[in-house]
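What follows draws every value from the coordinates through simple rules; no lab data is involved. Quick caveat, the model's predicted, so the values are computed rather than measured.
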Amino acid sequence: MAFTDFKSIAQIQQEYSIKYSDANFISYLDLKPSEYFRQEFEFNLENIDVFTSEASRCENVIYPILREVYKSFVDKYTLWSHKSITYDNKLTGTPDYLISTKSELGKTILGLPLVVVVEAKQNNFIEGWGQCLAELVRSEERRV
């Protein structure tokens, strides 16, 4: 079963007995984008139809932002683009982007746990959350 088969948070919660709770996990950092990033990002928004497809969103919006933020954390984490991950026949697939801890074996080996998973869904935010949760469950089960 692919990650994309999970269409909601509730579906993955039921499948893996995950308790839902609200909390603020976001740490506010004082990150300032470079002038180069700002210029390139503005260029993309002004000249490219960045919302025409998932691929366009990935290449022109999501990845540039992730890469810019990642630069501040390159010593601890690894940024992956379209990296296939598999746990078992229920959890397999390719998230658009993920950030993992840095592997001691180098940048070609996925470190665990996964820290962030990003999906660029066309117009379905709820479905994207279900898929992201399935991908994170995969990393947690591998770690245990």
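What shape does the stretch 9-93 take by its C-alpha gyration tensor, where a ≥ b ≥ c are the square roots of the eigenvalues and a/c under 1.5 counts as rounded, a/b above b/c as prolate, and the rest as oblate?
Prolate.
With 31 Å as the limit, write out which pairs from 19/76; 7/32; 19/71 have Cα-Cα distances beyond it, or answer none.
Violating the 31 Å Cα-Cα cut-off are 7/32; 19/71.
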